[in-house]
Each structure stands twice: as structure tokens, then as C-alpha cells.
Amino acid sequence: MALRFDRSAALIAENAKYVAGGVNSNFRTGMAGGPLVFQRGEGPYLIDADGNRLIDYYCGMGAMILGHSPAGVQQAVKEQVEKGLLYAGQSEIEFEAARILCETIPSAQRMRFGSSGSEVAQAAFRLARAATGKRIILKFEGHYHGWFDNILWSTAPGENAAGPADAPVLVPGSKGQDPIDAAGLDVIGWNDLARLEARLAKGDVAGVIMEPAMCNQGAIAPTPGYLEGALAACRRHGAILVFDEVITGFRLDRSGAQKRFGVTPDLSIFAKAIANGFPVAAIMGRTDLLDMFVTGGVLHGGTFNAQCVTMAAMVATQNALTPARYESASRRGVRLREGIAKILGDAGIKAQVTGFELMFHVGFGLDAPARNYRDLLKSDKALYVRFAHALLKRGVRALERGAWFVSFAHDDEVIDATLEAVRGAAKEIA
Ligand SMILES: Cc1ncc(COP(=O)(O)O)c(C=O)c1O
């Protein structure tokens with residue numbers, strides 16, 4: 001029997017008189033079925049206001065790598081709450097958290113904490129400009145680095161607005177963005193070294209920011225040699241290379257996509273899975289760059305940076321990221337990914353299922369795996385939304401943009417139940 005979400009709908013409608021739209025992020029609006037209201041999270045499940053127990057593949061938009069409510073994190077948080085919340089000074093728990101990052105992330109010679117991915121991206125831009133004396137931040141079409149005015153451009157532009165593929169134009173992601181905020185920004189297509197090289201040759205680029213694997217849209221690996229080539233080109237032209245590992249961090253590898261692909265950028269930013277649901281972000285990189293916060297006249301602030309409870313959550317999360325758990329979760333993630341591809345194929349639904357073990361993407365209507373944003377534009381988004389809605393009615397909550405986040409808590413039984421729902425949903429929409 002199809003699940004119903006009436007109480008969620010009523011709560012959203014009623015509380016939209018307080019909270020604009022009933023949601024606290026535009027990304028929570030959803031496209032089909034309406035936004036849901038939740039009461040509890042347990043491992044791979046979310047329990048909603050109607051009492052539905054949903055298998056969750058949003059995983060907090062990628063943050064909940066251990067699953068919902070992991071006991072170790074909860075215990076560490078309770079103990080820290082007893083001790084104190086915010087000192088506006090340093091704590092030993094934040095130094096422990098920093099040491100873990102510096103020992104596990106290749107680019108982390110030094111680091112600083114912040115509270116969100118959007119915010120630490122800004123710190124990276126400031127460092128890149130201060131270090132090089134240049135102005136332009138170069139980004140890639142379809143890559144997302146937060147919602148702030150100077151970077152929310154060309155994250156998901158429509159084809160008619162985006163200009164030619166070999167010379168894309170900057171498209172704002174929101175009304176209310178001042179064009180002056182894009183004066184220090186430029187955009188090109190990703191996974192194309194010749195275009196990157198040509199843009200850098202103009203000599204005005206301070207920093208290049210990219211998701212080392214494109215995961216906010218799609219789940220696309222860099223073509224072999226692309227990241228190495230990008231780093232070499234940045235060196236040649238005096239630009240700082242920044243990897244945005246907000247999604248890829250701790251998901252593509254314990255030590256980030258930079259370890260998986262063997263390329264160490266000048267700076268990198270992490271958030272989401274770093275503390276399994278607590279608002280922690282970090283910027284890390286070369287000593288000389290991070291020390292510009294100390295002796296280079298570059299300001300970095302934030303009342304809640306390294307807030308003690310979030311630091312306790314982070315340390316507990318990081319300690320739970322063991323090789324054995326990655327191995328078993330990855331095996332299940334691959335089983336799910338391949339199972340979905342097979343079921344869709346058997347149902348005659350044209351799709352590309354691509355990506356990694358703990359994060360992958362299902363793109364309907366694509367003839368070949370996407371290499372960049374322009375390829376993804378050819379996918380059948382409307383049909384996928386119907387599929388996601390059909391899954392939701394069967395108790396599986398998967399993002400309508402095609403991304404699937406798998407946690408350590410998604411066990412074999414949960415994968416089997418998911419594949420059963422996928423079978424039903426595929427039949428419904430085929
Ligand atoms: C790749 C990437 N970078 C940056 C951000 C911004 O992070 P936050 O939402 O914590 O500000 C996100 C958020 O989805 C992201 O996916």
C-alpha cells in the first residue's frame with residue numbers, strides 16, 4: 001500500500017505562517033510529494049510525522065556517513081554538553097579534531113575550522129586573492145560551492161541561458177544577486193584541460209575551485225590526468241588550486257578524493273560528513289597559505305568556529321571511520337548501485353548509473369555516462385522525479401536530482417528492501 005504523508009503536509013501548511021515556505025533551506029522544498037517533517041532518525045531510517053519509517057538516501061545531503069543517531073557520537077556530545085558549549089577561546093577537543101585532519105588529509109599542513117561549506121569556501125577565495133594579488137576565481141559549470149552572492153553562479157543553469165559549451169556565460173543562481181559580485185568570477189566547462197589551460201593563460205586567475213569529482217550534480221569522476229594537469233597548469237600560471245571536498249570528503253575515501261585520485265591541491269575545504277550532522281567545516285592546505293591568517297593580514301572569524309560540542313561530535317565521527325567499516329559499506333553501496341542499474345535495464349528504462357561506492361547518481365535518458373554539466377542537461381529530469389516519488393510511496397527517500405548517499409548503517413537487509421522498492425517504482429513508471 002502506498003504510504004501517505006498527510007500529517008507532514010498539514011504541518012508544513014500550518015507552519016508556513018512562521019517559517020517561509022515551511023522550510024529552512026530552499027533545497028528542502030523538493031519537487032514531488034512536498035517537504036516532509038521528521039520526528040526521529042535511526043540508523044538508515046527516518047521516521048516522519050505520519051509514522052512512516054523511510055529508508056533514507058538523502059543522509060542529511062551527504063552528511064550522515066555513519067547513519068542517523070550513531071551511539072558513539074551521541075555519547076561524546078552528551079559528555080561535552082556537561083563540560084561547556086562555547087568558550088570564545090580554545091579547547092583541547094578542537095586541537096584533537098585538528099590533529100586528526102592534519103594526519104589524514106594529504107593537503108592539510110595547517111587548517112582552520114568554520115561552520116558551513118559555504119563559509120569556508122569564502123575563506124579559500126580570500127586566501128587565494130591575498131596570496132596571488134590577482135582577482136579572478138575560476139569555477140566550473142554545474143559545480144556548487146555554497147549559496148553566497150559571489151559564487152552562486154552557473155550551478156545549474158538552463159541550456160538556453162548558459163551560452164555555448166566552449167564559452168559559457170555566468171548565470172546567477174538566484175534573484176537578488178548583484179552582477180558586481182560576479183566581477184571577480186569566471187566559469188568554464190569541467191574535465192577539459194585544454195580549456196582550463198587557455199583560461200589560465202590570461203594570467204588573471206587567483207584561484208581555481210572545483211569539486212575533485214563532480215557530485216553536487218551527477219557523480220562524475222575526473223578524466224584520467226585531469227586533476228594532475230589542473231594542478232600543473234595552476235602552478236605554471238601562478239593560481240591556487242582549491243578542491244571543494246564538501247561532498248567527496250570522507251565519502252570517496254577516508255582521506256578525501258585528493259587521496260583517491262592522488263592529487264594534493266594547495267587548499268581544500270571539507271564539511272558535511274566531517275562530523276556526521278553537526279555544523280563543522282574546515283579549510284586546510286599549505287602552511288604558507290594558512291599562515292596568512294596569522295601573519296599575512298588575512299582575516300578569518302566566526303563566533304561558532306570550533307564550537308566544543310561540534311568538535312566532540314567530529315572527533316567521535318572521525319574515530320568511527322575505520323577501514324573495516326568503509327570496506328563493508330562500500331561493498332553494499334556497490335551492490336545497491338549495480339542492483340539499481342540492472343533493475344532499470346530489465347524494465348527498459350534508459351539510464352546511466354555512475355559514481356562511487358558511498359555516493360552515486362542515476363541519470364535517466366542518458367546514452368552515455370556524463371563527463372560534465374552539459375552532458376547532464378540531456379537527462380530526463382521529469383521522469384526521474386516521478387521515479388523518486390514512486391520510491392517515496394514505497395518507503396525509500398532518494399533525492400530527486402538523482403544522487404544517492406549510502407551510510408555505514410545501510411545493511412544488507414536495507415539494501416534488499418531498497419531494491420524491492422526500486423523494482424516496484426521502475427514498473428510503475430516504465
Ligand atoms: C560541493 C559543495 N560545496 C559546498 C557546499 C556548501 O556547504 P554548506 O551547505 O554547508 O554551506 C555544498 C552543499 O551542498 C556542496 O555540495
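Would you mind stating whether GLY89 is in contact with a strand residue (DSSP E or B) (Cβ under 8 Å, 6 or more places away or on another chain), more than 24 Å from LEU383 (Cβ to Cβ) and without any contact (Cβ under 8 Å) to a residue 40 or more places away in the chain? Taking the combined requirement at face value, the residue does not satisfy it.
Filtered by the rule that a residue be within 16 Å of the ligand (Cβ to nearest atom) and assigned to a loop (DSSP other than H, G, I, E, B), the stretch 270-290 gives ALA271, ASN276, GLY277, PHE278, PRO279, VAL280.
Exactly one of these conditions fails for ASN160: (1) within 12 Å of the ligand (Cβ to nearest atom); (2) more than 30 Å from LEU358 (Cβ to Cβ). Give me its number. Among (1) within 12 Å of the ligand (Cβ to nearest atom); (2) more than 30 Å from LEU358 (Cβ to Cβ), ASN160 violates only (1).
Pairing residues of the stretch 390-411 that are without any contact (Cβ under 8 Å) to a residue 40 or more places away in the chain with residues that are outside any loop (DSSP other than H, G, I, E, B), at Cβ distances under 6 Å and at least 6 apart in sequence or on separate chains, gives ALA390/ALA425; ALA390/GLU428; ALA390/ILE429; LEU391/ALA421; LEU391/ALA425. Regarding GLY173, is this residue of a type outside the set (A, V, I, L, M, F, W, C), over 22 Å from LEU366 (Cα atoms), within 15 Å of the ligand (Cβ to nearest atom) and surrounded by fewer than 21 Cβ atoms within 10 Å (Cβ to Cβ)? Considered against the rule, which asks whether it is of a type outside the set (A, V, I, L, M, F, W, C), over 22 Å from LEU366 (Cα atoms), within 15 Å of the ligand (Cβ to nearest atom) and surrounded by fewer than 21 Cβ atoms within 10 Å (Cβ to Cβ), GLY173 comes out as yes.
Among residues of the stretch 214-231 that are on the phi > 0 side of the Ramachandran plot, those with a Cβ under 8 angstrom from a residue that is assigned to a loop (DSSP other than H, G, I, E, B), sequence gap 6+ or separate chain, pair up as GLY218/GLY142; GLY218/ALA370; GLY218/GLY402. For the stretch 171-193, a tally of residues being under 20 Å from GLU228 (Cα atoms) and assigned to a loop (DSSP other than H, G, I, E, B) returns 4. Taken over the stretch 247-269, the criterion of being touching a strand residue (DSSP E or B) at 6+ places or on another chain (Cβ under 6 Å), within 12 Å of the ligand (Cβ to nearest atom) and not in a strand (DSSP E or B) is satisfied by ARG251 alone.
Of the helices (runs of 4 or more DSSP H) entirely within the stretch 291-361, those holding at least 3 residues that are among the hydrophobic types (A, V, I, L, M, F, W, C) and crowded, with 16+ Cβ neighbours inside 10 Å occupy 308-320, 323-346. Going by the structure shown, is GLN75 under 30 Å from VAL414 (Cα atoms), surrounded by fewer than 16 Cβ atoms within 10 Å (Cβ to Cβ), at pLDDT 95 or above and polar (S, T, N, Q)? Yes, satisfied.
Figure legend. Inter-residue proximity from the stretch 25-36: first residues away from the ligand (no atom under 16 Å from the Cβ), second residues acidic (Asp, Glu), beta-carbon distance below 7 Å, spacing 6+ or different chains. Indicated pairs: MET31/GLU400; ALA32/GLU400; LEU36/ASP48. The criterion of at least 2 residues that are within 16 Å of the ligand (Cβ to nearest atom) is met, among helices (runs of 4 or more DSSP H) falling completely within the stretch 56-141, by 117-132.
Could you check the stretch 231-242 and list, in sequence order, the residues that are crowded, with 24+ Cβ neighbours inside 10 Å and either more than 12 Å from VAL120 (Cβ to Cβ) or touching a His at 6+ places or on another chain (Cβ under 6 Å) (or both)?
ALA239, ILE240, LEU241 - these are the residues of the stretch 231-242 that are crowded, with 24+ Cβ neighbours inside 10 Å and either more than 12 Å from VAL120 (Cβ to Cβ) or touching a His at 6+ places or on another chain (Cβ under 6 Å) (or both).
Screening the candidates ALA398, ALA417 for the property of being within 30 Å of GLY72 (Cα to Cα), in contact with a Phe, Trp or Tyr (Cβ under 7 Å, 6 or more places away or on another chain) and of a type in the set (Gly, Ala, Ser) yields one hit, ALA398.
The values are calculated or read from the model by the stated rules, or taken from the named source; none is laboratory data. The shown structure was predicted, so the numbers you read here are calculated from the model rather than taken from an experiment. Positions of Cβ are backbone-derived with ideal geometry, glycine not excepted, and every protein chain shown enters the neighbour counts.
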